[in-house]
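Colleague: The structure that follows is given in the form of structure tokens.
The values are calculated or read from the model by the stated rules, or taken from the named source; none is laboratory data. The shown structure was predicted, so the numbers you read here are calculated from the model rather than taken from an experiment. Cβ atoms come from the backbone with ideal geometry, glycine included; neighbour counts cover every protein chain shown.
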Amino acid sequence: MPANSQPSPALWTKDFTLATIANFFVSFVFYLLIPTMALYAVNAFGASDTAAGLASSSFVIGAVVGRIFTGKYLDFVGRRRLVIISLGIYVALGLAYVLADGLPLFVALRTVHGFGFGTSATVIAASVMSMIPPARRAEGTGYFGISGTIATAIGPLLALTIADRFSYDALFITASVVALLALLVALTITFPEREVSQAERESKWSLSLGTLVDAHTVPVASIMLLAGFAYSGVLSFLANYAQQADLVSSASLFFLVYAIAVFISRLFIGRIQDRRGDNIVIYPIFASFVAGFVMLGVSSQAWHILLAAVLMGFGFGALMPALQSVITAKSPLPRVGLATATFFLMLDIGTGIGPIVLGLAIPHLGYQGMYFLLAGIIVVASALYAAVHGRFARTA
């Protein structure tokens, strides 16, 4: 080793590894339930399409509320204490679904369950940002995100299998068992607690927008709002599009191929970003994202869908950790928790409103037209990135 070189700071510490495992279990519960709850609401309560959509999206509403308040009160409550409380809610609410005897109660339970998800996920993500050495921030963020990617790949498949072969009650019990695993792992993590300043204590009960959302993070986080909005067109309508185009078999493989592409991308993109700067990876990520939507728009064969999955994996799947690394690097330590909450809040908002807006647009545009429109939205997102960060970003 040359005399002036230094070994890379350790990344895979005990706490980073355990937090990554806990994040997998937290994400796994989300992906177990989100693909099936609209259908469950129809089957169990005779819900209309609109009410079924509410039964599904109410979880996201709860998650948004959880993220908003977690960003502000994370260090007042204490990270360890808050993650234990929120994961306790996460465990209990999965079981409570079994007792729901009407749609209003079910929607209420979904909302509280989402609150537990949003709170616990934000605490874990914010804490991990403090565990990663600054010199390996993008790399570590990418590795941490792989845990959610694996959940994306296997959660929906397992959910549909359990609901079909067993029952929805079995699915709810499975979700609570997985949430319990997240809680047990979290109990073994040493969370990086931070002492709040006197100024923070004085504004503890101030609930102005500036204390709930990190204004400095909003410009970059707005990119994730657009990206989440666009990707919701895949999450919510790919199955419908594939059925219409007689490509159902390939669509069923989409998320598996997508997850593999994301996994591969996170093995090297973070390292390049740490060493060469943000722009060298983020602009190609946007290009891949746009190409994925264009490929969906022209799909007429199975391989088109699968190529789109690869492009999306190197697009949306790689964009999240890349931009999260950007906002963490731009945030002073006392604001990292609020910045992380703001980042995911914007993502949740985009993902939540996307299906509603796009559902209104599809009758006029068709599925192919919608995907071309979403490609244009990602072009706008890339221009926004250039304006708010790209032109200021460091280069190697």
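Colleague: Among the listed residues GLY337, GLY366, GLY359, GLY352, identify the single one that is assigned to a helix (DSSP H, G or I), at pLDDT below 90 and at positive phi. Working first, answer last.
Modeller: On the way: GLY337 fails: at positive phi; GLY359 fails: at positive phi; GLY352 fails: at positive phi.
Result: GLY366 is the single residue among GLY337, GLY366, GLY359, GLY352 that is assigned to a helix (DSSP H, G or I), at pLDDT below 90 and at positive phi.
Colleague: I would also like to ask the following. Output the number of residues of the stretch 348-396 satisfying the condition of being surrounded by 14 or more Cβ atoms within 10 Å (Cβ to Cβ), closer than 22 Å to GLY277 by Cβ and hydroxyl-bearing (Ser, Thr, Tyr).
Modeller: Adding up the residues that qualify gives 2.
Colleague: Hey, does the stretch 107-121 have a residue that's under 13 Å from ALA22 (Cα atoms) and among the small types (Gly, Ala, Ser)? So that I can check it myself, show each step before the final result.
Modeller: Start the filter on the stretch 107-121 by keeping residues that are under 13 Å from ALA22 (Cα atoms), which leaves 117, 120-121.
Right, trim to among the small types (Gly, Ala, Ser) and you get 120-121.
Within the stretch 107-121, one or more residues are under 13 Å from ALA22 (Cα atoms) and among the small types (Gly, Ala, Ser).
Colleague: Based on this model, can you work out whether GLY354 counts as under 19 Å from GLY118 (Cβ atoms) and touching a Ser or Thr at 6+ places or on another chain (Cβ under 9 Å)? It would help to see each step written out before you state the result.
Modeller: Numbers: under 19 Å from GLY118 (Cβ atoms): yes; touching a Ser or Thr at 6+ places or on another chain (Cβ under 9 Å): yes.
Against the criterion (under 19 Å from GLY118 (Cβ atoms) and touching a Ser or Thr at 6+ places or on another chain (Cβ under 9 Å)), GLY354 qualifies.
Colleague: Something else about it: Taking the stretch 72-109 on its own, how many of its residues are under 30 Å from GLU193 (Cα atoms) and assigned to a helix (DSSP H, G or I)? Let's see the steps before the verdict.
Modeller: Kept after step one, since they are under 30 Å from GLU193 (Cα atoms), are these residues of the stretch 72-109: 72-94.
This time we only want the ones that are assigned to a helix (DSSP H, G or I), so: 72-77, 79-94.
Going through the stretch 72-109 one residue at a time, the tally reaches 22.
Colleague: I would also like to ask the following. Name the single residue, out of those in the stretch 324-334 being in a helix (DSSP H, G or I) and small (Gly, Ala, Ser), that is modelled with the highest pLDDT. Before you say what the answer is, go through the steps one by one.
Modeller: Taking the stretch 324-334 and keeping what is in a helix (DSSP H, G or I), we get 324-330, 333-334.
Going one step further and asking which of them are small (Gly, Ala, Ser), we end up with 325, 329.
Numbers: SER325: 84, ALA329: 81.
Per the criteria, the residue is SER325.
Colleague: Is it fair to say ILE150 is within 20 Å of LEU235 (Cβ to Cβ), of a type in the set (Val, Ile, Thr) and assigned to a helix (DSSP H, G or I)? Walk me through how you get there before you give the answer.
Modeller: Working: within 20 Å of LEU235 (Cβ to Cβ): yes; of a type in the set (Val, Ile, Thr): yes; assigned to a helix (DSSP H, G or I): yes.
Yes.
Colleague: Related question: Which condition does ALA63 not pass, out of (1) free of Cβ contacts under 8 Å to residues at least 12 places away in the same chain; (2) part of a helix (DSSP H, G or I), if it passes all the others?
Modeller: Here ALA63 meets the rest and fails (1).
Colleague: Identify, from the list VAL91, VAL42, VAL26, the residue that is under 21 Å from TYR168 (Cα atoms), within 16 Å of the chain's Cα centre (by Cα) and not assigned by TED's automatic domain parsing to the domain that holds ALA221.
Modeller: Details: VAL91 fails: within 16 Å of the chain's Cα centre (by Cα); VAL42 fails: within 16 Å of the chain's Cα centre (by Cα).
Answer to the check: VAL26.
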